[in-house]
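The block underneath contains the structure these notes are about, expressed in structure tokens.
What follows is calculated from the coordinates using simple rules that are stated; it is not laboratory data. Remember, predicted model here, so these are calculated numbers, not experimental data. Reconstructed Cβ throughout: ideal geometry from the backbone, glycine too, with neighbour counts over all protein chains shown.
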Amino acid sequence: MTIVCLDLEGVLIPEMWIRVAEATDVTELRVTTRDIEDYDELMQHRLKILAERRISLPDIQRAIADVQPLPGAATFLAHLRSQRQVAILSDTYVEFVTGVMAQLDWPLILCNELETDESGMITNYRLRQPEGKRQAVEAFKSMNLKTIAVGDSFNDIAMIRSADVGVLFRPSDKVVAAHPDLPVATDYESLLSELLAD
């Protein structure tokens, strides 16, 4: 049996933090895992800006309430799920994804959680576990599942390299330059062909 492990943002939906940056007019929040490799460094950067600008979790949830799957993503995912087991492995947060998961017909998602204070300000983040994407792939492999991993950013590389088959999907030039040996798919049709090849 094969399980496909997909990243969420950049693969199935737009980058949430870019949407937050646009809604709040805070350009410093446009930085993503395509730009900064160290996830804790990235999140500390975000938390500092949120605190300085007094941007709360409800503010963020309003900014991302209308996020839609990328064009073609829902059809791609439905077709993939009819042929393979699928798990979404994401560094996003439970508090961000409810609306968009409904639009994707509620796939399994493993992601993280936020901590907030009584006023709704985000005070910290809780990882499901360190290196959660890689750990999930290795756990699936320990169950004798063939694993295929798809991501677009630096935080997906460990997952992709741990899987039996790994593919970058629409990565930035910076990610490709750092990992030129990894195969790249640029549209859902070619990605689906790659994932269903065996």
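Here are the numbers for the structure shown:
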read-out: Simple label model, 7 Å out from Cα along Cβ direction - Gln61 to Ile36, nm; value: 2.5
read-out: Positive minus negative residues near Tyr125 (Lys, Arg vs Asp, Glu; Cβ under 11 Å); value: -2
read-out: Förster-model FRET efficiency, 45 Å R0, Met1 and Val26, C-beta, rounded to 0.05; value: 0.50
read-out: Value of D in µm² per second that Stokes-Einstein yields for the range 131-191, Kirkwood Rh from Cα pairs, at 4 °C (1.567 mPa s); value: 111
read-out: GNM result for the chain, Cα springs below 10 Å: residue of Ala65, Ala158, Ala102 fluctuating most strongly; value: Ala102
read-out: Taking all pairs of distinct alpha-carbon atoms in the chain, Kirkwood radius in angstrom; value: 17.2
read-out: Virtual paramagnetic centre 7 Å along Cα→Cβ of Lys141, amide N under 12 Å, in the range 155-192; value: 158-166
read-out: Candidates Met159, Met143, Met101, ranked by Gaussian network fluctuation over the chain, Cα under 10 Å, top entry; value: Met143
read-out: Stretchable slack from Arg84 to Ser119, in nm (0.36 nm times residue separation minus alpha-carbon distance); value: 8.3 nm
read-out: Viscosity 0.692 mPa s, 37 °C: Kirkwood-radius Stokes-Einstein D of the range 97-170 over Cα pairs, µm²/s; value: 231
read-out: DSSP-loop GluC sites (Glu not before Pro) across the range 84-187, with at most 11 other Cβ within 10 angstrom; value: Glu118
